[in-house]
Amino acid sequence: MTPAIDLLKKAKAVHRVHSYQHDPKAASYGLEAAEKLKLEPAQVFKTLLAASEKGELLVAVVPVAGTLDLKALAQVAGVKKADMADPAAAQRATGYLLGGISPLGQKKRLRTFIDESAQQFPSIYVSAGRRGLEVELAAELLAQLTQAVFAPIGRG
């Protein structure tokens, strides 16, 4: 499977894996997942990587229908500034390809922040580590497994 699913199994964490046929021409991997799995986009979350002014990589988990508020992320992370991370650096640090980056089972333990909107759902969906593969789990469980902090980091 993937490092994300291996981690969930090892932790004996309650989760469900959902797969769909990924279309390489899809404009948005996250919205494609919501559409193909017939899910509310607000309940499907994308994993983005940002870099602080000192080069620290930060993981942000936000709804696929919105965007990441980099200023809010910088503030909650206690850094001066955050910009989107270089895609190659994101892939190296996580061990996942773009479009399939999971917040779970990353190569390096990075500070993780989950948009607080995740807490309103009994379960949320995040990438399971490959395009076309999503994992459903409780937001609280995701936060526990990634040592994440909930914060208002999403927009729209």
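Our summary gives segment 3-155 a relative contact order of 29 percent, counting only alpha carbon pairs under 8 angstrom and 6 or more residues apart. For the chain, the dipole from Cβ point charges (+1 on Lys and Arg, -1 on Asp and Glu) about the Cα centre works out to 480 debye, to the nearest 20.
Which FRET efficiency value, to the nearest 0.05, is calculated for Q147 and S19 with the Förster distance at 25 angstrom and r the Cβ-Cβ distance?
Numbers: r = 27 Å, r/R0 = 1.09.
Step by step, r from the Cβ atoms, then E = 0.35.
For segment 1-52, the share of alpha carbon pairs falling in successive 5 Å distance bins from zero is 4, 15, 20, 21, 21, 13, 4, 0 percent. Placing unit charges on the Cβ atoms of the charged side chains and taking the dipole of segment 3-155 about its Cα centre, the candidate lying farthest along the positive direction among V64, A148, A93 is A93.
Just so you know, the Cα atoms of segment 62-145 work out to an Rg and Dmax of 13.0, 35 Å. Counting only Cβ charges, +1 for Lys and Arg and -1 for Asp and Glu, the dipole size of segment 1-77 around its Cα centre is about 320 debye.
The GluC sites (Glu not before Pro) of segment 1-85 that meet both conditions, a loop assignment by DSSP and at most 12 other Cβ atoms within 10 Å of the site Cβ, are E53.
Kirkwood Rh over alpha-carbon pairs of segment 1-130, then Stokes-Einstein at 25 °C and 0.890 mPa s: what D in µm² s⁻¹, rounded to an integer?
Values: Rh = 15.2 Å.
My calculation gives 162 µm²/s for D.
Take the chain and mark each of the trypsin sites (Lys or Arg not before Pro) that is in a DSSP loop with at most 16 other Cβ atoms within 10 Å; the longest unmarked stretch, sites excluded, is 110-156.
Modelled spin labels at K107 and Q75, positioned 7 Å past Cα toward Cβ, are 3.4 nm from each other.
Every number here is computed from the coordinates shown, using simple stated rules; none is lab data. Note that the structure is a prediction, hence the values are computed from the model and not measured. Note: ideal-geometry Cβ built from the backbone for every residue, glycine included; neighbour counts use all protein chains shown.
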